[in-house]
Amino acid sequence: MTDTRNTRWYLDIMSPNTKGEKFAWLDPTSIYINGDAFTQLLDDLTADLEGVDCDVVAGLDAMGFVLGAALATRIGVGFLPIRKAGKLCVDTDSVSFTNYSGRTQDMEMRTPAFAAGTRVLLVDQWIETGGTMDGAIRLVERQGGIVAGIATIAMEDNDRTAGYRAAYPVVTAVQPDTDLQEQCNRQTLDSFASYKPEMAFPKIR
């Protein structure tokens, strides 16, 4: 099993959940706070996306907006937000999905958002159960879009995410078949034992 933690050091500054069970088990936004970490994350994802052709990047509400917009800028294409229901003031299409916490929610996308045949790269911060991503795929395909691939910091291993890897190009900062992937599947990282918030502090210039 190959370990990429030495080269993808920024994954060690992700912070654990300190607020209880109704929240996600970790917070990758500490990577975004640190300029060096965020830059390296984007460098790695962009390099791994070489050969994946897309016409637009779609980011999933809410934290997928941060990573998706940054990747769209790097790739040189536009950005499409896929939002929680009730946020857009234009005509929309909507779907229901079950999120990582087991709650059923609605998400929506503007319509029309693109021409049929448009290649869409779907981006979210973290994919746990795959329910949110499933809703986004359905919205894109309803408008005749083609899912060009999926990009995320990490995607946990389960039957649904295995289906994504089989059906689409999938790029993750946490590499599959590594010790860190196994830690993600267990929903606890070894780095949590030594995590301190100041590890992610931006440099003061």
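At 222 nm, what value in deg cm²/dmol follows for the chain if DSSP H runs of at least 4 each add -39500 (n - 2.57) and the sum is divided by all its residues, to the nearest 500? That comes out to -8500 deg cm²/dmol. 3J(HN,Hα) couplings calculated from phi for the range 183-195 with the Karplus curve 6.51 cos²θ - 1.76 cosθ + 1.60 (θ = phi - 60°) are, in sequence order, 5, 5, 4, 7, 6, 7, 9, 4, 5, 4, 5, 10, 5 Hz; Gly and Pro show x. Given R₀ = 45 Å, FRET efficiency for ASP43-GLU141 by Cβ-Cβ distance, to 0.05? Efficiency for this residue pair is about 0.90. Working ranking of peptides 126-139, 87-100 by packing, defined as the average number of other Cβ atoms within 10 Å per residue, highest first, is 126-139, 87-100.
Counting only residues at least eight positions apart within a chain, or on another chain, the lysines with an alpha carbon under 25 Å from that of LYS196 are LYS19, LYS22. Taken one residue at a time, the phi angles of the range 118-124 give Karplus couplings (6.51, -1.76, 1.60, θ = phi - 60°) of 5, 8, 10, 8, 8, 10, 9 Hz. Gly and Pro are set to x.
Straight-distance candidates among the aspartates and glutamates for linking to LYS84, with alpha-carbon spacing under 12 Å and chain neighbours fewer than 8 residues away dropped: ASP61, ASP93, ASP106, GLU108.
As a calculated quantity, the FRET efficiency between GLU21 and ASP134 at R0 = 30 Å, using C-beta atoms, amounts to about 0.85.
Between ALA85 and GLN105, the simple spin-label model (points 7 angstrom out along Cα→Cβ) gives 1.3 nm. Looking at the chain, the DSSP beta bridges with both ends there are about 35 percent antiparallel.
Laboratory data are not the source of any read-out in this text; all were calculated from the coordinates shown. Quick caveat: nothing in here was measured; it's all calculated off a predicted structure. Backbone-built Cβ (ideal geometry, glycine too); neighbour counts: all protein chains shown.
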